[in-house]
Amino acid sequence: MQSAAIAGTGVFTPDEIITNDELVASFNAYADRFNAAHAAEIAAGTVVAKPQSSAEFIKSASGIEQRHVIDKAGVLDPGRMYPRIPARSDEEPSLMAEIAVKAARLALVQAQMEAGEIDAVLCAASNIERAYPAVAVEIQDLLGTGGFAFDMNVACSSATFAIQTAADMIRAGSIRSALVVSPEITSAHLEWRDRDCHFIFGDVATAVVLTREDMVRGSAFRILSTRLGTKFSNNIRNNNGFLRRTRDQMEDRRDMQFMQNGRKVFKEVLPMVSAHIADHMADEGLTAADLKRLWLHQANKSMNDYIGAKVLGRTPEAGEQPNILQDYANTSSAGSIIAFSRHSADLLAGDRGLICSFGAGYSVGSVLVERV
Ligand code: CO8
């Protein structure tokens with residue numbers, strides 16, 4: 001059986017940034033307008049007044065300080081509250097393909113590979129901008145990669161699930177290399193008018209090049225093993241889908257965007273992730289002392305602090321469990337890959353670490369790697 005390795009990663013970061021203060025100012029202006037427009041109903045008790053958001057709450061509840069977005073003006077416009085992304089003709093690259101290609105080119109440079117040497121493209125993200133043709137096939141065409149391509153969606157765990165899928169194909173010998181891209185345009189399916197979640201997400205695209213270990217040209221990370229798990233939950237849900245028209249549900253309903261019961265997610269996902277990682281490490285004969293770094297899903301700082309302490313059996317030292325959510329917010333499946341991409345170059349040959357994502361489904365994916 002072949003050994004698979006991560007030979008390169010790339011991150012495309014949109015230029016536009018929304019700070020917590022900017023976000024809260026826009027939300028509060030929207031809430032004031034809403035309350036003024038519905039003053040009579042609010043007084044009569046038939047409509048609930050929108051409460052104000054708070055930058056202090058956002059920072060202390062989540063650790064998030066800012067987020068990158070594709071379109072800041074549309075999101076911050078109190079009369080709109082979602083991005084404005086102009087429609088493109090079928091002849092132009094789609095937005096997801098465009099930003100995935102930007103991340104992919106960076107990953108290919110790091111891997112010292114040409115696009116034509118890639119045998120498979122997996123576009124793994126929490127929402128795909130159209131049903132078909134697969135965005136991955138468009139990315140294959142734009143880059144000039146060989147073989148085949150397909151889309152997959154496991155929400156926040158899409159990238160780790162795709163890494164296992166690609167690594168398994170490399171191990172089995174059906175491909176020699178793969179590109180896993182996660183273009184996450186979360187701003188388009190976040191409900192920016194909901195105080196409980198308006199601060200959570202940001203946009204980004206990540207790319208990971210995987211190859212047979214004997215094809216690695218620069219430094220790389222051998223994939224020691226991977227593990228995936230799922231357990232059905234409605235606590236993170238988005239009901240938008242192709243059956244809407246058949247149900248006469250084309251209006252702008254709240255459940256057509258991201259919905260969650262954040263408290264329950266927090267409580268239920270933490271034990272699931274802690275047990276998943278503990279089992280994965282035990283089955284590989286690894287203990288906390290064998291791990292130099294944890295690259296965790298980037299949803300909430302307290303969640304990561306808890307998981308880090310649980311996995312290592314102590315408070316992680318500075319740099320041992322790097323967070324990027326303060327700069328990017330939750331970027332769904334891309335979060336743990338950004339942390340890995342930004343905070344792995346200093347590891348030495350033989351150093352081991354763990355990439356772990358978790359989220360809607362529920363889903364958990366872990367990837368044990370070793371620097372080679
Ligand atoms: N400003 C001020 N106050 C607020 C705000 C705000 N913005 N929001 C809520 N509050 C208030 C609440 O109303 C509540 O008030 P009260 O006590 O009077 O009822 C109080 O603050 C506390 O609220 P919460 O209990 O909700 O606050 P938490 O401490 O639980 O923090 C979090 C909220 C940060 C959302 C936290 O629960 C959390 O991070 N949970 C885990 C979330 C998570 O990991 N979700 C995963 C989702 S990602 C995923 O799976 C991918 C999905 C696909 C991508 C979708 C892209 C759009």
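The values are calculated or read from the model by the stated rules, or taken from the named source; none is laboratory data. As the structure is a prediction and not an experimental result, all values here were calculated from the model. Cβ coordinates were reconstructed from backbone atoms using ideal geometry, including for glycine residues, and neighbour counts include every protein chain displayed.
Yes/no matrix, rows are residues, columns are (1) out of contact with any strand residue (DSSP E or B) (no Cβ under 7 Å at 6 or more places or on another chain); (2) surrounded by 20 or more Cβ atoms within 10 Å (Cβ to Cβ):
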{"site": "LYS292", "(1), (2)": "no, no"}
{"site": "MET303", "(1), (2)": "yes, yes"}
{"site": "GLU317", "(1), (2)": "yes, no"}
{"site": "LEU325", "(1), (2)": "yes, yes"}
{"site": "SER336", "(1), (2)": "no, yes"}
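Criterion first (outside any helix (DSSP H, G or I) and either among the small types (Gly, Ala, Ser) or at pLDDT 95 or above (or both)) does SER53 satisfy it?
yes
Here are some residues: ASN239, ASN261. Which one is surrounded by fewer than 16 Cβ atoms within 10 Å (Cβ to Cβ) and within 10 Å of the ligand (Cβ to nearest atom)?
The unique qualifying residue is ASN261.
For the range 49-74, which positions are within 12 Å of the ligand (Cβ to nearest atom) and either among the aromatic types (Phe, Trp, Tyr) or touching a strand residue (DSSP E or B) at 6+ places or on another chain (Cβ under 7 Å) (or both)?
Scanning the range 49-74 gives PHE57, ARG67, VAL69.
To keep it simple, each residue is scored yes or no on (1) among the small types (Gly, Ala, Ser); (2) within 8 Å of the ligand (Cβ to nearest atom); (3) part of a helix (DSSP H, G or I).
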| position | (1), (2), (3) |
| --- | --- |
| THR160 | no, no, yes |
| ILE163 | no, no, yes |
| SER174 | yes, no, no |
| ASP196 | no, yes, no |
| ALA205 | yes, no, no |
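Of the numbered conditions (1) within 16 Å of the ligand (Cβ to nearest atom); (2) touching a Cys at 6+ places or on another chain (Cβ under 9 Å), ALA97 satisfies every one except a single condition; which is it?
Here ALA97 clears every test but (1).
Looking only at residues that are within 16 Å of the ligand (Cβ to nearest atom) and in contact (Cβ under 8 Å) with a residue 24 or more places away in the chain in the range 242-258, which one is surrounded by the fewest Cβ atoms within 10 Å (Cβ to Cβ)?
Top of the filtered list is ARG254.
For the subset of the range 207-234 comprising residues that are among the basic types (Lys, Arg) and in a loop (DSSP other than H, G, I, E, B), which member is farthest from the ligand (Cβ to nearest atom)?
It comes out as ARG217.
Of the residues in the range 1-48, how many are assigned to a loop (DSSP other than H, G, I, E, B) and more than 16 Å from the ligand (Cβ to nearest atom)?
9
Restricting to the range 322-339, give me the number of residues that are more than 10 Å from the ligand (Cβ to nearest atom) and either modelled with pLDDT under 95 or within 12 Å of THR160 (Cα to Cα) (or both).
Residues meeting the conditions: 3.
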